[in-house]
1. What part of the accessible area of the stretch 63-140, given as a whole %, is carbon or sulfur when the probe is 1.4 angstrom?
2. Which peptide among 3-15, 55-67, 37-49 comes first, and what is the full order, when sorted by highest mean count of other Cβ atoms within 10 Å?
3. Treating the chain as a set of equal point scatterers at the Cα positions, no solvent, please give the Debye-formula log₁₀ I(q)/I(0) at q = 0.10, 0.14, 0.16, 0.19 Å⁻¹.
4. Hey, what's the chain come to in accessible area per residue, 1.4 Å probe, Å²?
5. If Lys and Arg each add +1 and Asp and Glu each add -1, what is the summed charge of the other residues whose beta carbon sits under 12 Å from the beta carbon of Thr12?
6. How high is the relative contact order of the chain? Use alpha-carbon pairs under 8 Å, at least six apart in sequence, and give a whole percent.
Amino acid sequence: MDLLEMVKNYQTLLETKEDLAERTKANNAAIEAAKAEIAQQMVDDECPRISTGGYCFSLTAKTSYTKRSDAELAESGLNFLEALREEGLGDIIVEKVDPRTLQSTVKAYVDEHGELSEGLEAIIRTFDYNDITRRKEKRK
């Protein structure tokens, strides 16, 4: 294979990667929409668990913690990173706070303290939602 063929092959791979990324994004959006629809139907039908195709699907109540927008924080005169430090959560700061690290750390904080402090409440938005958990069923 000569250099021109290698470059053309590379270009094809990059185009495939872009196409797969777009299709993955669309698929992930469809999965989230389906989960939300199923969760609502399970709530409406008062059916917390259903099995099909060798899998058990369970309605799972979850709480998500995310950083409030910079505009909201600025309006309140708050600094997100300073507030985390004041609450003893500064060890998760590495120039930026990873959303999953924030989620798990704030969840542990709420588990320990029972609720968000006033300082954390000012910088973190809380919302409850239903999620679907899929597990492979064990054979009896």
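1. 45
2. The most tightly packed comes first, giving 55-67, 37-49, 3-15.
3. Evaluating at q = 0.10, 0.14, 0.16, 0.19 Å⁻¹ gives log10 I(q)/I(0) of -0.61, -0.90, -0.98, -1.09.
4. 77
5. It works out to a net charge of -2.
6. 36
The values are calculated or read from the model by the stated rules, or taken from the named source; none is laboratory data. Values in this document were obtained by computation on a predicted structure and should not be read as measured data. In this analysis, Cβ positions are derived from the backbone assuming ideal geometry, glycine residues included, and neighbour counts consider all displayed protein chains. Heads up: the accessible areas ignore ligands, DNA and RNA and are worked out on the full protein's heavy atoms, side chains in. Shrake-Rupley method; radii C 1.70, N 1.55, O 1.52, S 1.80 Å.
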